[in-house]
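Student: Structure incoming, see below.
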Amino acid sequence: MIRSVYIRMTVLAGVVVLLGSCATTPVCEDITAEGNLGSAVNSPWDEYAPVMYGNNNLLFTSNREYDGAGFIDSISQFGEDIYRSQRVQGAYYPPTPVEDPPLNSYGNEGAVSFTSSPITGVITMYFSAFDAKEADPDADIYMCQNKGAGWTRPQKLPDIVNSEYWDSHPAISPDGKVLVFASDRPGGEGGADLYVSYLSASGTWSTPLNLGSQINSRVDDITPMLLDDLSLYFASQAYSPDKSFDILHAQTDARGLWQQPQAMPFPINTQFNEISPSIFGDSLLYASDREGSCGGYDLYAFRVCEEVRVQGRVLSNMPVRNDEYILVFDQSGTLIERVPVVGRSYSTVLASQQQYLLRFESGCYQGDPVEHDVYAPCSFEPVAMNVNFAVPYQEPDQIVVYTGGQIPFFVTGYYKPSTEENVMDLRMQFAYNLIGLDDSTAYIENPGEEYDEYALGVETALNQINDRILSHMSVLLDECSQGNEQLTIFVDGYADPRDLDPGSRYMGPTIFDEELDVFIYRGTIMTNRVLSVLRAYYTTLHIRSVLAKHPLYQQFADRVTFKIRGKGAQVNEFRPYEQMRKIDVLVQVSRQ
């Protein structure tokens, strides 16, 4: 039977610590028990309440002799203190007492439990201590914090949590909102019971509630431990015929209530005492006084969490590539693995009892991150989790090329862009009296010398339009191309808002263009709407004639479509008329 005095004293604590001086504990040479952590950690005295802090610090409580500590009695031995052993590549270094924070300044200390805030980075530690300086000493629960500048002085939890009785073995949930502990206060099921207190949004603890007969028994129930999913591990005398302690495990239901606990199997539980469970990675750490140990209670470890395999598919309309990965980040945001996606499927194995972020990555995907939060549970059976990544359809960019600028892109009333060639041709028509003699063409201006300068700007703008179109066509050659991209080039024509004379007519050649969907007969009444269509149409002919000479356009001409849109008169009171005679070109890449 475990000594009842141990139950009434303390439990473990944990913290990043400074090393003390060298230990004087003798080394055991005849350890035969399976799972024993060995003489580097264990001693001929008691070691219990293990907890891993970070990845390489094992903290535990021991009443061993250390640096000439005086013998107290046959039960307390040399007094309970908290020790730290560094874990390097699976091996443990000789332990030394924790010196920072000043935990080992009470009569007896033990049972450490940690929580940390992912937002503030503040680490909070709970532990129990038996303060011999008090007039009527008994075990109580304490806490201290590390905000980055060292640990605060330990403070006893308020009286709503602690009582005048034995309160010990604190277990804080990873989110810091649930505290389970052991107490022998009156009103329980019998012996030491487990209680729970909840932290409110205002930072105060609720009145502790007894976990009831579903968890507690008429004998002692002690040393609780909580996982991320609030699974509860603890030690109880109720499941052993000889009333020795066994490790139990209780899961929560959909309402968050703990279910009937189950005893852990052999070799975790034996006919001896097993107490103070703690999960680290896929293993259960705990203390036992079974035969074959170094002496008293020793620390043991057994694997209890089976493989957690996360697998799934990438659901996407993008081409399959060989540079698609699922990135795996740990809770600190550190990238720990890049899992290749093969044939749109992936699979990886994650360590249990940890929170992860999984994110899809591809050289062809530039949208918002596609990611999932995944918690790898501790399960006695292998776990397979299916996590798919639905990568949304990426609508390619579209760009508007504004070609109005600060120059008149068209001569007043005319429909061909003011290139040098078109300006000279218009002047020739006036010179031979082909236009401008009657009301049908009186709306067209005879271009003055200033249009020679304007023509330079217009031709520069048209060249820029062609360059932008060819730039967007290069996506058809890109390695991310699916082979079904289409370029649609919208050419929008505008007129200035001045009304045309009712006798105005279109006197150019009849247009019957099925490809561009433009049909305008010679003699059609000229309106701003018709004029805007004509401007878009003749500009498109110019653009297309230049593009046709380029090899890239020749290769992909069947995947390029021009759309003519007459926008009519543009009304803008802040711009002069000549700047409203313009076109806009919109280049859109789409997928069929």
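Read-outs: derived from the displayed coordinates by stated rules, not from any lab. Only a predicted model underlies this, so the values are computations on that prediction, with no experimental measurement involved. In this analysis, Cβ positions are derived from the backbone assuming ideal geometry, glycine residues included, and neighbour counts consider all displayed protein chains.
Student: About the Cα centre of segment 308-390, how large is the charge dipole given +1 on each Lys and Arg Cβ and -1 on each Asp and Glu Cβ? Please answer in debye to the nearest 20.
Tutor: Using Cβ point charges on Lys, Arg, Asp and Glu, segment 308-390 gives about 240 debye.
Student: Roughly how many debye, to the nearest 20, is the charge dipole of the chain about its Cα centre, given +1 on each Lys and Arg Cβ, -1 on each Asp and Glu Cβ, and no other charges?
Tutor: Taking the Cα centre of the chain as origin, the dipole is about 1620 debye.
Student: Same structure again: Taking a quarter of the surface of the convex hull around the Cα atoms of segment 116-263, what do you get in nm²?
Tutor: 10.0 nm²
Student: Return, for the Cα atoms of segment 398-591, the radius of gyration and Dmax in Å, separated by a comma.
Tutor: Rg then Dmax for segment 398-591, in Å: 17.3, 59.
Student: Can I ask one more? Give me Leu58, Leu456 sorted ascending by neighbouring Cβ count inside 10 Å, so fewest comes first.
Tutor: By the 10 Å Cβ count, ascending, the order reads Leu456, Leu58.
Student: What share of all Cα pairs of the chain, in percent, falls into each consecutive 20 Å distance bin?
Tutor: Pair shares across the bins are 17, 31, 15, 16, 16, 5, 0.
Student: Follow-up question, since we're still on this one. Just going by the charge dipole of the chain, with Lys and Arg at +1 and Asp and Glu at -1 on Cβ, which of Trp166, Tyr451, Leu476 is farthest out on the positive end?
Tutor: Of the candidates, Tyr451 comes out farthest on the positive side.
Student: Can you put Ile336, Ile123 in order, fewest other beta carbons within 10 Å first?
Tutor: Ile336, Ile123
Student: Rounded to the nearest 5, what % of the DSSP beta bridges within segment 308-390 are antiparallel ones?
Tutor: Of the beta bridges lying entirely in segment 308-390, close to 80 percent run antiparallel.
Student: Given a cut-off of 20 Å, what percent of all Cα-Cα pairs of segment 233-368 lie beyond it?
Tutor: Cα-Cα pairs of segment 233-368 separated by over 20 Å account for 62 percent.
Student: Moving on to the next point. Please list, short to long, the whole-number percent of alpha-carbon pairs of segment 308-390 in consecutive 10 angstrom bins beginning at zero.
Tutor: Computed distribution, short to long bins: 18, 52, 25, 4, 0.
Student: Something else about it: Where does each of Phe512, Phe360 land when they are ranked from fewest to most other beta-carbon atoms within 10 angstrom?
Tutor: Taking fewest neighbouring Cβ atoms as first place, the list is Phe512, Phe360.
Student: Just want the answer: with Cβ charges of +1 for Lys and Arg and -1 for Asp and Glu, which residue in Met225, Gly187, Gly363 is farthest toward the dipole's positive end in the chain?
Tutor: The residue sitting farthest along the positive end of the dipole is Gly363.
Student: Give the residue from Asn463, Phe512, Phe60 lying farthest towards the positive end of the charge dipole for the chain; charges sit on Cβ (+1 for Lys and Arg, -1 for Asp and Glu) and the dipole is referred to the Cα centre.
Tutor: Selected residue: Phe512.
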